[in-house]
1. Look at residue 96 and say whether it is surrounded by fewer than 24 Cβ atoms within 10 Å (Cβ to Cβ), modelled with pLDDT under 95 and farther than 19 Å from residue 158 by Cα.
2. Considering each residue of the range 124-150, count those that are surrounded by fewer than 24 Cβ atoms within 10 Å (Cβ to Cβ), in contact with a helix residue (DSSP H, G or I) (Cβ under 9 Å, 6 or more places away or on another chain), in contact (Cβ under 8 Å) with a residue 40 or more places away in the chain and over 24 Å from residue 30 (Cα atoms), and give that number.
3. In the range 6-82, which helices (runs of 4 or more DSSP H) lie fully inside it and hold 1 or more residues that are modelled with pLDDT under 90 and touching a strand residue (DSSP E or B) at 6+ places or on another chain (Cβ under 7 Å)?
4. Looking at the range 1-41, which of its residues are surrounded by fewer than 16 Cβ atoms within 10 Å (Cβ to Cβ) and closer than 16 Å to residue 125 by Cβ?
5. So is residue 72 touching a helix residue (DSSP H, G or I) at 6+ places or on another chain (Cβ under 9 Å) and over 22 Å from residue 146 (Cα atoms) or not?
(Lines give C-alpha, C1' and ligand atoms only; values in the text may rest on other atoms or scores of the structure.)
Protein backbone atom coordinates (compact mmCIF):
# COMPACT_ATOMS: atom_id res chain seq x y z
CA UNK A 1 0.00 0.00 0.00
CA UNK A 2 1.30 3.42 -0.95
CA UNK A 3 2.11 5.99 1.67
CA UNK A 4 -0.40 8.81 1.15
CA UNK A 5 1.78 11.54 2.64
CA UNK A 6 4.96 10.52 0.81
CA UNK A 7 3.19 10.15 -2.54
CA UNK A 8 1.45 13.51 -2.18
CA UNK A 9 4.67 15.25 -1.16
CA UNK A 10 6.55 13.69 -4.08
CA UNK A 11 3.92 14.51 -6.72
CA UNK A 12 3.83 18.12 -5.50
CA UNK A 13 7.58 18.68 -5.09
CA UNK A 14 9.02 16.61 -7.95
CA UNK A 15 6.20 15.64 -10.31
CA UNK A 16 8.41 14.61 -13.24
CA UNK A 17 10.29 12.05 -11.17
CA UNK A 18 7.14 10.83 -9.43
CA UNK A 19 5.26 10.34 -12.70
CA UNK A 20 7.97 7.97 -13.92
CA UNK A 21 7.35 5.84 -10.78
CA UNK A 22 3.58 6.07 -11.07
CA UNK A 23 3.76 5.08 -14.74
CA UNK A 24 5.23 1.73 -13.67
CA UNK A 25 2.35 1.07 -11.28
CA UNK A 26 -0.85 -0.62 -12.33
CA UNK A 27 -3.27 0.57 -9.64
CA UNK A 28 -6.97 0.17 -10.35
CA UNK A 29 -9.41 3.03 -9.80
CA UNK A 30 -10.89 1.15 -6.82
CA UNK A 31 -7.48 0.82 -5.16
CA UNK A 32 -6.61 4.49 -5.76
CA UNK A 33 -10.02 5.56 -4.54
CA UNK A 34 -9.87 3.56 -1.29
CA UNK A 35 -6.20 4.02 -0.41
CA UNK A 36 -5.58 7.55 -1.64
CA UNK A 37 -8.36 9.75 -2.99
CA UNK A 38 -11.05 9.26 -0.32
CA UNK A 39 -8.48 10.17 2.34
CA UNK A 40 -6.89 13.11 0.53
CA UNK A 41 -10.30 14.61 -0.27
CA UNK A 42 -10.87 15.01 3.46
CA UNK A 43 -8.40 17.95 3.53
CA UNK A 44 -10.49 20.50 1.62
CA UNK A 45 -13.71 19.17 3.13
CA UNK A 46 -12.45 19.52 6.71
CA UNK A 47 -11.01 22.95 5.98
CA UNK A 48 -14.31 24.09 4.45
CA UNK A 49 -16.23 22.81 7.48
CA UNK A 50 -13.94 24.66 9.89
CA UNK A 51 -13.74 27.79 7.76
CA UNK A 52 -17.41 28.21 6.93
CA UNK A 53 -18.99 26.41 9.87
CA UNK A 54 -16.84 27.39 12.85
CA UNK A 55 -14.63 30.38 11.99
CA UNK A 56 -17.02 31.97 9.54
CA UNK A 57 -16.51 35.12 7.52
CA UNK A 58 -17.47 38.77 7.60
CA UNK A 59 -19.70 40.47 5.04
CA UNK A 60 -19.81 44.27 5.01
CA UNK A 61 -23.14 45.66 6.23
CA UNK A 62 -24.28 42.13 7.18
CA UNK A 63 -21.81 41.09 9.83
CA UNK A 64 -20.09 37.90 10.84
CA UNK A 65 -21.51 34.68 9.41
CA UNK A 66 -20.73 31.20 10.74
CA UNK A 67 -23.14 28.27 10.72
CA UNK A 68 -22.66 24.55 11.31
CA UNK A 69 -25.21 23.84 8.59
CA UNK A 70 -23.30 26.06 6.14
CA UNK A 71 -20.02 24.35 7.15
CA UNK A 72 -21.46 20.86 6.63
CA UNK A 73 -22.87 21.78 3.23
CA UNK A 74 -19.59 23.33 2.11
CA UNK A 75 -17.64 20.29 3.37
CA UNK A 76 -19.91 17.92 1.46
CA UNK A 77 -19.66 20.11 -1.61
CA UNK A 78 -15.84 20.00 -1.48
CA UNK A 79 -15.68 16.25 -0.84
CA UNK A 80 -18.11 15.26 -3.57
CA UNK A 81 -16.55 17.76 -6.00
CA UNK A 82 -13.11 16.19 -5.63
CA UNK A 83 -14.30 12.59 -5.96
CA UNK A 84 -16.73 13.32 -8.78
CA UNK A 85 -14.24 15.61 -10.49
CA UNK A 86 -11.58 12.92 -10.59
CA UNK A 87 -13.97 10.36 -12.11
CA UNK A 88 -15.31 12.76 -14.74
CA UNK A 89 -11.87 14.09 -15.59
CA UNK A 90 -10.45 10.56 -15.93
CA UNK A 91 -13.33 9.58 -18.19
CA UNK A 92 -12.64 12.53 -20.49
CA UNK A 93 -8.85 12.01 -20.44
CA UNK A 94 -9.46 8.43 -21.57
CA UNK A 95 -11.95 9.52 -24.21
CA UNK A 96 -9.53 12.16 -25.59
CA UNK A 97 -6.64 9.68 -25.81
CA UNK A 98 -7.58 8.24 -29.19
CA UNK A 99 -7.79 11.73 -30.74
CA UNK A 100 -4.19 12.50 -29.81
CA UNK A 101 -2.53 9.15 -30.53
CA UNK A 102 -2.26 8.41 -26.82
CA UNK A 103 -2.75 5.09 -25.06
CA UNK A 104 -6.41 4.52 -24.20
CA UNK A 105 -6.55 3.21 -20.63
CA UNK A 106 -9.09 4.26 -18.02
CA UNK A 107 -6.78 3.01 -15.24
CA UNK A 108 -3.95 5.29 -16.39
CA UNK A 109 -6.37 8.19 -16.98
CA UNK A 110 -7.72 7.70 -13.45
CA UNK A 111 -4.18 7.71 -12.02
CA UNK A 112 -3.43 10.90 -13.96
CA UNK A 113 -6.59 12.64 -12.75
CA UNK A 114 -6.18 11.45 -9.15
CA UNK A 115 -2.65 12.71 -8.72
CA UNK A 116 -3.41 15.99 -10.51
CA UNK A 117 -6.11 16.59 -7.93
CA UNK A 118 -3.52 16.20 -5.14
CA UNK A 119 -2.59 19.87 -5.58
CA UNK A 120 -6.26 20.85 -5.46
CA UNK A 121 -6.80 18.87 -2.24
CA UNK A 122 -3.72 20.21 -0.49
CA UNK A 123 -4.53 23.74 -1.62
CA UNK A 124 -8.00 23.23 -0.21
CA UNK A 125 -6.61 23.76 3.28
CA UNK A 126 -6.94 27.49 2.54
CA UNK A 127 -10.72 27.13 2.83
CA UNK A 128 -10.10 27.19 6.56
CA UNK A 129 -9.96 30.98 6.40
CA UNK A 130 -12.38 32.56 3.93
CA UNK A 131 -10.13 35.47 2.89
CA UNK A 132 -7.38 33.00 1.89
CA UNK A 133 -9.62 30.73 -0.16
CA UNK A 134 -8.36 32.27 -3.41
CA UNK A 135 -5.08 30.44 -2.74
CA UNK A 136 -6.95 27.17 -3.30
CA UNK A 137 -7.49 28.38 -6.86
CA UNK A 138 -3.79 29.04 -7.25
CA UNK A 139 -3.12 25.47 -6.11
CA UNK A 140 -5.48 24.41 -8.87
CA UNK A 141 -3.22 26.14 -11.37
CA UNK A 142 -0.29 24.10 -10.08
CA UNK A 143 -2.39 20.98 -10.77
CA UNK A 144 -2.16 21.92 -14.44
CA UNK A 145 1.64 21.77 -14.31
CA UNK A 146 1.38 18.34 -12.66
CA UNK A 147 -0.99 17.31 -15.46
CA UNK A 148 1.43 18.49 -18.15
CA UNK A 149 4.27 16.53 -16.57
CA UNK A 150 2.11 13.41 -16.35
CA UNK A 151 0.61 13.24 -19.83
CA UNK A 152 3.54 11.56 -21.55
CA UNK A 153 4.43 8.93 -18.93
CA UNK A 154 0.81 8.06 -18.13
CA UNK A 155 -1.05 8.33 -21.44
CA UNK A 156 1.95 7.70 -23.74
CA UNK A 157 1.01 10.70 -25.86
CA UNK A 158 3.41 11.36 -28.76
CA UNK A 159 5.76 14.30 -28.18
CA UNK A 160 4.35 16.38 -31.04
CA UNK A 161 0.78 16.04 -29.70
CA UNK A 162 1.50 16.66 -26.00
CA UNK A 163 0.66 20.37 -26.09
CA UNK A 164 -2.61 19.83 -27.97
CA UNK A 165 -3.62 17.03 -25.59
CA UNK A 166 -2.72 19.26 -22.65
CA UNK A 167 -4.88 22.13 -23.95
CA UNK A 168 -7.81 19.76 -24.51
CA UNK A 169 -7.30 18.27 -21.04
CA UNK A 170 -7.03 21.75 -19.51
CA UNK A 171 -10.30 22.85 -21.08
CA UNK A 172 -11.85 19.59 -19.90
CA UNK A 173 -10.72 20.10 -16.30
CA UNK A 174 -12.11 23.65 -16.25
CA UNK A 175 -15.44 22.63 -17.78
CA UNK A 176 -15.76 19.63 -15.42
CA UNK A 177 -15.04 21.85 -12.40
CA UNK A 178 -17.58 24.51 -13.42
CA UNK A 179 -20.35 22.06 -14.38
CA UNK A 180 -19.82 19.94 -11.28
CA UNK A 181 -19.83 23.02 -9.08
CA UNK A 182 -23.08 24.34 -10.57
CA UNK A 183 -24.83 20.96 -10.38
CA UNK A 184 -23.70 20.16 -6.83
CA UNK A 185 -24.49 23.67 -5.62
CA UNK A 186 -28.01 23.32 -6.98
CA UNK A 187 -28.49 19.80 -5.55
CA UNK A 188 -27.10 20.60 -2.11
CA UNK A 189 -28.87 23.94 -1.86
CA UNK A 190 -25.72 25.87 -1.02
CA UNK A 191 -26.50 29.56 -1.07
CA UNK A 192 -23.96 32.34 -0.55
CA UNK A 193 -25.44 33.49 2.75
CA UNK A 194 -26.92 30.89 5.03
CA UNK A 195 -27.64 31.85 8.63
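1. In short, no.
2. Number of matching residues: 9.
3. none
4. 4, 5, 9, 39
5. Yes.
For (1) under 11 Å from the mean Cα position of the chain (by Cα); (2) under 16 Å from residue 168 (Cα atoms), each residue gets a yes or a no:
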site	(1), (2)
45	no, no
69	no, no
110	no, no
118	yes, no
129	no, no
145	no, yes
153	no, no
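The values are calculated or read from the model by the stated rules, or taken from the named source; none is laboratory data. These numbers come from a predicted model, not from an experiment. Note: ideal-geometry Cβ built from the backbone for every residue, glycine included; neighbour counts use all protein chains shown.
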